[in-house]
Amino acid sequence: MAAATASGDKKDVKVVNQVKYGLKHVTNMITEKKAELVVIACDTNPIELVMWMPALCRKMDVPFMIVKNKARLGTIVHKKTASCLAITAVNKEDKGQLSLLKNLAQEKFNDNAELTRKWGGGIMGLKTQAKLDKRAKALAIEEAKKAATSGLA
């Protein structure tokens with residue numbers, strides 16, 4: 001193929017339909033914007049391996065999805081498990097399905113503001129709640145004393 005291009009013969013270069021898997025390959029595909037769709041498994045252990053990937057996909061404007069099981073991703077690439085995979089291109093007859101999946105991923109994951117703003121739920125533990133209640137009661141008692149002393153003077 002390289003010899004043909006060097007000699008000046010022009011042939012139709014066929015785009016290879018690929019499914020890349022593995023953190024390094026998928027990261028390179030995202031940063032080069034060659035990935036059409038990125039699929040991430042939610043049960044990757046340790047989760048720190050893939051927890052930064054949605055932020056990178058949002059930054060590079062690549063649609064991503066989070067799926068239930070890494071074994072499901074493994075069946076696509078003929079391995080036992082896969083933590084993430086990137087789809088680069090599909091056949092012409094499957095372009096409609098890919099665009100549907102990309103639009104769904106864009107809506108549910110990329111453009112979803114709840115996913116980016118929700119951290120922890122804001123529920124404090126019992127000890128912290130008790131400490132804050134104790135502090136509030138002490139402030140109320142102190143305010144009552146100030147009001148009583150200022151009323152007498």
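The values are calculated or read from the model by the stated rules, or taken from the named source; none is laboratory data. Fair warning: this is a prediction, and the values are worked out from it, not measured in the lab. With ideal geometry, Cβ positions are generated from the backbone for all residues, glycine too; neighbour counts draw on all protein chains shown. Remember, those area values only see protein heavy atoms, side chains included, never the ligands or the DNA or RNA. Shrake-Rupley method; radii C 1.70, N 1.55, O 1.52, S 1.80 Å.
Here are a few things to note about the model shown:
- Filtered residues of region 36-91 (kept if touching a residue at least 12 places away in the same chain (Cβ under 8 Å) and among the hydroxyl-bearing types (Ser, Thr, Tyr)): Thr44, Thr81, Ser83, Thr88
- Any hit, region 99-110, residues being among the charged types (D, E, K, R) and within 19 Å of Met29 (Cα to Cα): yes
- Filtered by the rule that a residue be open to solvent by 10 Å² or more (accessible area, probe 1.4 Å), closer than 23 Å to Asp94 by Cβ and either in contact (Cβ under 8 Å) with a residue 60 or more places away in the chain or part of a loop (DSSP other than H, G, I, E, B) (or both), region 23-34 gives His25, Glu32, Lys33, Lys34.
- Given (1) more than 12 Å from the chain's Cα centre (by Cα); (2) open to solvent by 60 Å² or more (accessible area, probe 1.4 Å), number of the condition Asp111 does not satisfy: (1)
- When residues of region 59-101 are limited to those that are in a loop (DSSP other than H, G, I, E, B), polar (S, T, N, Q) and closer than 24 Å to Asp111 by Cα, the one most open to solvent (accessible area, probe 1.4 Å): Asn69
- Residue in region 27-38 that is at pLDDT 90 or above and over 21 Å from Leu101 (Cα atoms) present: yes
- Whichever residue in region 41-56 is outside any helix (DSSP H, G or I) and touching a strand residue (DSSP E or B) at 6+ places or on another chain (Cβ under 9 Å) and, among such residues, is most open to solvent (accessible area, probe 1.4 Å): Cys42
- Residues that are open to solvent by 100 Å² or more (accessible area, probe 1.4 Å) and acidic (Asp, Glu) are absent from region 116-139.
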